[in-house]
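Notes for the one structure printed next.
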Amino acid sequence: MTLYYTFVFGILSLEMVMFLLLALPVPSKFRKPITMALIRPFRLTQVQVAIKCILAFILLLFVDTINRVYSINADLSQTTVAAVGVSDRSEVQSRKFYAQRNMYLTGITLFLTFTVFRTYGLVWELLELKEQYRSSPENMNVEDLQKQIEDANKQIESLKERAEGLQSGM
C-alpha cells in the first residue's frame with residue numbers, strides 16, 4: 001500500500017475509534033467529558049482547515065480510484081485468455097483488486113467522517129437537552145402532573161356544558 005493510502009487507513013482507524021467512543025452507552029456524567037475531550041482539538045480553526053484539505057485530498061483519491069477501476073474493467077473485458085497469456089490476465093486482475101481495495105478504503109473513510117461528525121452533533125444535542133431538563137424548575141413529579149390533568153379535564157367538561165347550552169339555545 002502506498003504512503004497516502006496508509007495515511008487514509010490511519011484516518012479510518014482514528015474515525016472508527018472516535019465513533020466507538022461516541023456510540024458506546026456511557027452514563028451522562030462520563031459522556032460529557034469524553035465528548036469534550038474528543039472534540040476539543042477539532043474546534044481550532046487551523047485544525048478545521050487541515051481537516052477540510054485532507055477530506056478534499058481523500059475525495060480526489062476516491063474519484064481517481066473509481067476512474068482506475070473503470071479503466072481496469074475495460075482492459076479486463078478487452079483481453080481474452082487466448083489472445084493474451086495467463087500471466088497478463090492475472091496481473092490485470094491483481095491491479096483490479098488493488099484499485100477496488102483503494103476505492104472501498106477511501107469511500108468508507110469519507111462516509112465515516114460524515115457519520116462521526118453527525119453522531120457527535122447528536123450526542124452533544126442530547127447532552128444539552130439532558131442538562132436543560134435537569135436544570136429547569138419545571139420538573140414536576142407525578143402528583144403535579146395528575147393535578148394538571150384533572151384541571152384540564154374540568155375545563156373540558158365546562159366547555160362541553162357551554163357548547164351544549166349554546167346548541168340547545170339555538
Filter segment 91-118 for residues that are of a type in the set (S, T, N, Q) and modelled with pLDDT of 90 or more; the one that is surrounded by the most Cβ atoms within 10 Å (Cβ to Cβ) is Thr106
So which residues in segment 15-61 are more than 19 Å from Leu122 (Cα to Cα) and surrounded by 14 or more Cβ atoms within 10 Å (Cβ to Cβ)? Ile51, Ile54, Leu55, Phe57, Ile58, Leu59, Leu61
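The values are calculated or read from the model by the stated rules, or taken from the named source; none is laboratory data. Every value quoted in this text rests on a predicted model; they were computed, and no experiment measured them. Cβ sites come from the backbone with ideal geometry, for glycine too, and all protein chains shown count toward neighbours.
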